[in-house]
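The values are calculated or read from the model by the stated rules, or taken from the named source; none is laboratory data. Keep in mind that what you see is a predicted model, and the values were worked out from it rather than measured. FYI the Cβ positions are ideal-geometry reconstructions off the backbone, even for glycines, and counts take in every protein chain you see. SASA here: full protein model, heavy atoms, side chains in, ligands and nucleic acids out. Shrake-Rupley method; radii C 1.70, N 1.55, O 1.52, S 1.80 Å.
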Amino acid sequence: MAGLRDCLPRLVVTIRSLLFWSLVYCYCWLCASMHLLKLLWSIGKGPAQTFRRVAREHPPACLNDPSLGTHCYVRIKDSGLRFHYVAAGERGKPLMLLLHGFPEFWYSWRHQLREFKSEFRVVALDLRGCGETDAPTCREHYKLDCLITDIKDILDSLGYSKCVLIGHDWGGMIAWLIAICYPEMVMKLIVINFPHPNVFTEYILRHPAQLLKSSYYYFFQIPRFPEFMFSINDFKALKQLFTSHSTGIGRKGCRLTTEDLEAYIYVFSQPGALSGPINYYRNIFSCLPLKHHLVTTPTLLLWGEKDAFMEVEMAEVTKIYVKNYFRLTILSEASHWLQQDQPDIVNTLIWTFLKEETRKKD
């Protein structure tokens, strides 16, 4: 009888694990089937258009705009990877490190590079596998612990021990994890449109609406097919993410120019450019929820209420994990792409947070 009582907790954990992974893989194949039907429909309407790709040999001029900063590279000793970043502002000023989301790269921070260089050394990083940063081919090289170590090593390579850390979407996930694992490295934490990782994990399992909004997480578990679906119709899916009525920047937002869109398509049309970022998703279910989850850094969470991928309720719940000053601002007319959608408002909110004195919660 005592042996049965000892085995029962392990049995419950095993059953829950089996149910969780059954849900993941069942939903994964359901999403894949839906995308396969979309592909067949597209081929039926016009096979030539479906498989059309425009050759892009040279980057658009906006990627070399000197007002955004200087293109730099640094090789990390432990991993051997070469990272690309764009830096603005004088060396020696406090570091502001910017971490982009998906499908983005350093250019998504163009408005912040111009804005904060007066008082900071602003560094917009291409994360592992993105943009001009090296992209390991093995999916295991995109686990969360690798991504966290990258940021720690980048700070060391830049000659800093701490920074103001700002992350959006996947960059927001990494920023939360850095603040949890290395709180001494983060002076202030600013996250845009991504909740605390434990909030996301718990919420998605209990709310069907968020499960549907996160369907791409499951679709991305399929090898190679997601990359192919992004590339058909000359990267139409990529364009629609930023411009469509349902997922794009809202009508009151700062819409991407034709050249901005070309910058994104140029970067992600390079050979293998989509596999690295999508590999982030292929590791996420094995890494969450977190064992250690409390944030002790002053934190600002900015949220676009019209986010097509994240339920706004998760933003409110996040505050229970921050054991320090916490401020949440929700912008009612803004989309998921908040720092590009409402750059002036976002920049003002960040300045206010950076300049105010913050104190720990009692």
So the FRET efficiency between GLU140 and GLU119, C-beta based with R0 = 56 Å and rounded to 0.05, is 0.90
With θ set to phi - 60° and the Karplus curve 6.51 cos²θ - 1.76 cosθ + 1.60, what are the ³J(HN,Hα) couplings of the range 110-120 in order, to the nearest whole Hz, using x for Gly and Pro?
4, 5, 7, 4, 6, 6, 9, 5, 5, 10, 9
Return one whole number: the accessible area per residue of the chain in Å², for a 1.4 Å probe.
47 Å²
Per residue, the convex hull enclosing the Cα atoms of the range 142-192 spans a volume in Å³ of 63 Å³
Once a ≥ b ≥ c are taken as the square roots of the eigenvalues of the Cα gyration tensor of the range 147-263, is the result rounded (a/c under 1.5), prolate (a/b larger than b/c) or oblate (a/b not larger than b/c)?
prolate
Between LEU37 and GLU356, 0.36 nm times their residue separation minus their Cα-Cα distance comes to what?
109.6 nm
Extending each Cα 7 Å along its Cβ direction at ARG206 and VAL312, get the distance between those two points in nm, one decimal.
2.0 nm
Unit charges on C-beta of K, R, D, E only; dipole of the range 223-362, Debye
440 debye
Calculated from backbone phi, Karplus (6.51, -1.76, 1.60) coupling profile of the range 148-165 in Hz, x at Gly/Pro
5, 4, 3, 5, 4, 5, 4, 4, 4, 5, 7, x, 10, 9, 8, 7, 7, 10
Sorting check: for 126-135, 144-153, which peptide has the highest mean count of neighbouring beta carbons within 10 Å, and how do the rest follow?
126-135, 144-153
Helix-derived mean residue ellipticity, 222 nm - over the chain, DSSP H n ≥ 4, -39500 (n - 2.57), to 500
-14000 deg cm²/dmol
Taking protein heavy atoms only, a 1.4 Å probe, and rounding to whole percent, the accessible area of the chain owed to carbon and sulfur comes out at 58 percent
Compare the Cα positions of PHE285, SER275, CYS130 along the charge dipole of the chain (+1 at Cβ of Lys, Arg; -1 at Cβ of Asp, Glu; about the Cα centre) and return the one farthest towards the positive end.
PHE285
Checking the a/c ratio against 1.5 first, then a/b against b/c, what shape does the Cα gyration tensor give for the range 69-147?
prolate
Apply the Karplus parameterisation 6.51 cos²θ - 1.76 cosθ + 1.60, with θ equal to phi minus 60°, to every residue of the range 178-186 and state each ³J(HN,Hα) to the nearest whole Hz, in sequence, with x for glycine and proline.
4, 5, 6, 7, 10, x, 5, 8, 10
Nearest-0.05 FRET efficiency for LYS319 and ARG53, computed from C-beta distance (R0 41 Å):
0.35
Please report the net charge: other residues with Cβ closer than 11 Å to the Cβ of THR50, K and R +1, D and E -1.
+4
Going 7 Å from the Cα of LYS162 toward and past its Cβ, which residues in the range 191-215 have a backbone nitrogen under 20 Å from where you end up?
191
Using every pair of alpha-carbon atoms in the range 185-325, split the distances into 5 Å bins beginning at 0 and state the percent of pairs per bin, rounded to integers.
2, 8, 15, 18, 19, 18, 13, 7, 2, 0
Taking amide hydrogens as modeled 1.01 Å from N in the peptide plane, which residues meet the under 5 Å criterion relative to CYS254, leaving out close sequence neighbours?
GLN342
Quick check on packing: order 100-106, 275-281 by the mean number of other C-beta atoms within 10 Å, highest mean leading.
100-106, 275-281
Determine by what factor the alpha-carbon radius of gyration of the chain differs from 2.2 N^0.38 Å, reporting the quotient.
1.00
What FRET efficiency would be calculated for the residue pair TYR216, GLU259, taking the C-beta separation as r and a Förster radius of 30 Å, to the nearest 0.05?
0.70
Please list 179-189, 246-256 highest first by mean number of surrounding beta-carbon atoms within 10 Å per residue.
179-189, 246-256
Taking amide H positions as placed in the peptide plane 1.01 Å from N, state which residues far from GLY304 in sequence (5 or more) or on other chains have amide H under 5 Å from it.
ASN193, LEU331
